[in-house]
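Q: Quick one: this structure, given as structure tokens, is what I'll be asking you about.
The values are calculated or read from the model by the stated rules, or taken from the named source; none is laboratory data. Since we're looking at a predicted model, the values are computed, not measured. Cβ placement follows ideal geometry from the backbone for every residue including glycine, while neighbour counts extend to all protein chains displayed.
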Amino acid sequence: MQDIANELHLSYDGIKWQINKLKSQGIIRREGADKGGKWIIINEEQ
């Protein structure tokens with residue numbers, strides 16, 4: 001999340017909030033380990 005925040009020039013907490021929102025809406029999910037994993041887009045239509 002810190003890498004995303006740095007890349008987008010946003011705060012860590014802002015990115016965390018957005019990711020939690022996307023997870024709760026069933027749009028993304030995390031696959032794999034914390035450092036070696038990746039985010040998977042489940043539903044691109046929302």
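Q: Check residue 41 against each of (1) in contact with a strand residue (DSSP E or B) (Cβ under 8 Å, 6 or more places away or on another chain); (2) surrounded by 10 or more Cβ atoms within 10 Å (Cβ to Cβ) and name the one condition it does not meet.
A: (2)
Q: Can you pull out the residues in the range 11-46 that are within 15 Å of residue 1 (Cβ to Cβ) and among the hydroxyl-bearing types (Ser, Thr, Tyr)?
A: Across the range 11-46, the qualifying residues are 11, 12.
Q: Mind checking which residues of the range 1-19 are part of a loop (DSSP other than H, G, I, E, B) and among the small types (Gly, Ala, Ser)? Break it down into steps so the answer makes sense when it comes.
A: Looking only at the range 1-19, we keep the residues that are part of a loop (DSSP other than H, G, I, E, B), and these are 1, 9-11.
11 - this is the single residue of the range 1-19 that is part of a loop (DSSP other than H, G, I, E, B) and among the small types (Gly, Ala, Ser).
Q: Another question, then. Test of understanding: among 36, 26, which residue is loosely packed, with under 12 Cβ neighbours inside 10 Å, out of contact with any Pro (no Cβ under 6 Å at 6 or more places or on another chain), at pLDDT 90 or above and part of a loop (DSSP other than H, G, I, E, B)? Don't jump to the end; show me each part of the working.
A: Values: 36 fails: at pLDDT 90 or above.
Sole residue among the options that is loosely packed, with under 12 Cβ neighbours inside 10 Å, out of contact with any Pro (no Cβ under 6 Å at 6 or more places or on another chain), at pLDDT 90 or above and part of a loop (DSSP other than H, G, I, E, B): 26.
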